[in-house]
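Computed from the coordinates by the stated procedures, all read-outs in this text should not be read as laboratory data. Treat the numbers as computed from the prediction; the structure is a model and nothing was measured. Backbone-built Cβ (ideal geometry, glycine too); neighbour counts: all protein chains shown.
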Amino acid sequence: MRHTISLLVENKFGVLARIAGLFSARGYNIASLAVSETLDPQTSYMTIVVEAKDAKILEQIKKQLNKLIDVITVTDYTKKGHIDRELILAKVKYAAKDKARLENIFNKYVGKIIQHKGEAAIIEAVGDQAQIKSLLEELNKCGVQELIRTGKLAISN
Amino acid sequence: MKGSEILLESLKREGVEVIFGYPGGQVLPIFDSLFDSDIRFILTRHEQGAAHAADGYARATGKAGVCLATSGPGATNLVTGIANAYMDSIPMVAITGQVKSFLIGNDAFQEADVTGITRPITKHNYLVKDVKDLARIIREAFYIATTGRPGPVLIDIPSDIQMMDADFHWPKDIRIRSYNPTLFGHPGQIKKAARLITAARKPIIYAGGGVISSGAHQELKMLAEKLNAPLTWTLMGIGAFPATHELSLGMLGMHGTAYANHAIMESDLIIAVGARFDDRVTGRLDAFAPYAKIIHIDVDPSSISKNVSVHIPIVGDARNILIELLKDIKKAPNTGEWLKTVEGWKKKYPLTYKDDAKLKPQYVVEQIYEVTKGGAIITTEVGQNQMWAAQWYKYTLPRTFISSGGLGTMGFGLPAAMGVKAGCPGKTVFDIAGDGSIQMNIQELMTCAANKINVKVAILNNGYLGMVRQWQELFYKRRYSQVEITSPDFVKLAESYGCLGIRVTKKEEVRPALEKAIAADNTVLIDFRVEPEENVFPMVPAGQAINQFIGGLA
């Protein structure tokens, strides 16, 4: 099962390597990972989506992360209110006949066509996991050539 | 002050008396400053020896051990020793030189990404990028190494940083916002534990290395006596409780006593103190202690419910928690029947070996106990020698059994003994070794001789890599594959290092040889030519429930 956790960490070199190393050394899986500086430039915020087959493993992941000296706090969003979003960039086929279809899609989702050249368009979209999933299903009907995702970002509410 | 001087001044302020290490190109400034320092430096013959010596020093004294090596190969040679200290939660500070900061990443001569390499085997590590941070980093390193669940911390110092000037500023106190080990147990949890203890009928105390590192051995004894409950220990917990005590069951697990394993399997309450339910202890997990509720006291939250599910976890320092727990236990459980049952197992399945006219390794260990009157500090290598040393010497004090538990590092015992002796010069220190293991760091005999660090090495020489041979005998149809090991003439070898060498081939020579070794003002190596195919029993095969013994007399 996938769980979203966030880490507030010291913004020092090597911290990401410590966290990534912990996951690989202990055989845990990262489904997605997003990192950036916070309002305080001395700290960074990471949103990690982890695969954990049971609650015991999730517990271990959190405890092991907490043990790292550079990790300030670990927040598990499994049972905690939060808002999450993901940004995607995609190259989709963009023939004249697709135009109406794409515009139709973006009436339902938060996103837009950023540019189009010849037979392809680059689009951006933002949404929660369910929205991104159904958006991708619809985009696939047009033909997605390339897809880049940020991974999930989460903030408590 | 130059960076190298800041380093040594900081070590002095941390109370460091001795550094084990080896010089090299990227630590030249440090060694130049060492020339004027009054900190004792012990030049080992291999950096691995330095790391194990620092580890042995830490285990025997309770203070952080310090080792020092140059960049690249010097640092990578420390790696096994650091991993060893990490697995056994030993406070250690490893200092390595690094190529000049502007060369890092350029594949410079003797460059290795040492903070990268040691990240998974240190509690924390640092690459010093600014000389102004150096004193603070050293302060933090010692603080992290010695508090909470102890462990090794590595500081990698580029050589240009060692030469740079900065004002010496020693931070008054240390605060790391992201590191706050829990010291005191949750009072509610402790009260719950106390109630569970009173209600128990078949309680057993299971003590690990955490009792020793927190200095909780007296409180542990008070607990056992208050509850009148039997007590067993892990390899790391040896010495946490006197083996001569009537409530003692000895070690449990794969090579534990049969009665300890039966007792834990039949118990209705396990009080685990500073132990981590390692696979060598639990055997088959789903069959482990089926009737028992578990109280788990540990300073490391990640140790709790990692392997077995625990009913009452109490996170904190073992000593602090035991003090509170002792206050909260209003009524001791009724353990009369239980102790009778346990006593029955002790009679039915005693720890034993066939003591005949042959020279048996167990006999040698027993004689070391007799001759030293239990007053020695024992280090071990890894394998059969280690298990016999654990089984046949009665340890009564903490920090007297020094052994590589988690990592199982052959070659640990001799350099560790050296570190122990450097820290406890008044003690007789024995390395109980095998003929295989001793050859992994034999070069440290020279360090012992050169520095007049008089340790005694008892090689239980059976001509085999004995533990592997035992497994091949029992589980691989006696197909002995690469376990016969030849050795040099250990007596001549000892002599060539300037040590005393003694060979013992007969049982009656054991005692005189040991007496001679202890009396000698020198490092002594005794080559005991023991029975070649003696096995360590009892034994629980890997993956079996721990009351399923094979072979032997158990």
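Things worth noting here:
- Inter-label distance, nm, simple model (7 Å from Cα along the C-beta direction), A:VAL110/B:PHE41: 6.2 nm
- This ranking places A:ILE105, B:ILE378 by how few other beta-carbon atoms lie within 10 Å of each, fewest first, which gives A:ILE105, B:ILE378.
- Note on the range B:330-455: semi-axes of the ellipsoid equivalent to its C-alpha gyration tensor, largest first and rounded to whole Å, are 32, 18, 14.
- For the range B:173-180, putting each phi into the Karplus relation 6.51 cos²θ - 1.76 cosθ + 1.60 with θ = phi - 60° gives couplings of 10, 10, 9, 10, 4, 9, 9, 9 Hz, in residue order, rounded to whole numbers and with x for Gly and Pro.
- Taking Lys and Arg as +1 and Asp and Glu as -1, the other residues whose beta-carbon sits under 14 Å from that of B:MET446 total 0.
- Coupling constants for the range B:202-211 follow from the phi torsions by the Karplus curve (6.51 cos²θ - 1.76 cosθ + 1.60, θ = phi - 60°), and in residue order they are 10, x, 9, 9, 10, 10, x, x, x, 5 Hz; glycine and proline get x.
- Length added when fully stretched, B:GLN544-B:LEU183, from 0.36 nm per residue minus Cα-Cα: 126.4 nm
- Those GluC sites (Glu not before Pro) in the range A:37-137 that DSSP places in a loop and that have at most 14 other beta carbons within 10 Å: A:GLU119
- Proximal charge balance of B:LYS456 [Cβ under 12 Å; K/R count +1, D/E count -1]: 0
- Shown in residue order for the range B:381-386 are the 3J(HN,Hα) couplings computed by the Karplus curve 6.51 cos²θ - 1.76 cosθ + 1.60 at θ = phi - 60°: 8, 10, x, 4, 3, 5 Hz (x for Gly and Pro).
- Put in line by how crowded their Cβ is, counting other Cβ atoms within 10 Å and starting with the fewest, A:CYS142, B:CYS448 read A:CYS142, B:CYS448.
- CD proxy at 222 nm, helix term only [per DSSP H run n ≥ 4: -39500 (n - 2.57); per residue of chain B; nearest 500]: -10500 deg cm²/dmol
- Amide H to amide H distances under 5 Å link B:ASP156 with B:THR96, B:TYR126, B:LEU127, B:VAL128, where only residues 5 or more positions off or on other chains count and H is placed in the peptide plane.
- Euclidean distance of C-alpha centroids, the range B:56-114 and the range B:210-253, integer Å: 33 Å
- If only the Cβ of Lys and Arg carry +1 and only the Cβ of Asp and Glu carry -1, the dipole of chain B around its Cα centre is close to 1860 debye.
- Oblate is the label for chain B, because the ratio a/c of its alpha-carbon gyration tensor axes (a ≥ b ≥ c) is 1.5 or higher and a/b is not greater than b/c.
- For the range B:1-111: rounded, prolate or oblate by the Cα gyration tensor [a/c cutoff 1.5]: oblate
- Residues in the range A:81-104 reached by a label modelled at A:VAL126 [backbone nitrogen below 18 Å; 7 Å Cα→Cβ]: A:82-90
- Sequence-distant residues sharing a close amide H with B:LEU68 (under 5 Å, placed H): B:PHE20, B:GLY21, B:TYR22, B:ILE95
- Cβ-Cβ FRET estimate between B:LYS330 and A:GLU103, R0 fixed at 60 Å, reported to 0.05: 0.20
- Exposure proxy ranking for A:LEU87, B:LEU414, A:LEU39, based on other Cβ atoms within 10 angstrom of each Cβ and starting from the fewest, stands as A:LEU39, A:LEU87, B:LEU414.
- Between the range B:288-334 and the range B:438-472, the Cα center-to-center distance that results, in Å: 38 Å
- Three-way shape label, the range B:359-406, alpha-carbon gyration tensor, a/c 1.5: oblate
- Nonlocal amide H pairs with B:LEU269, under 5 Å, H built at 1.01 Å: B:LYS202, B:ILE204, B:LYS293
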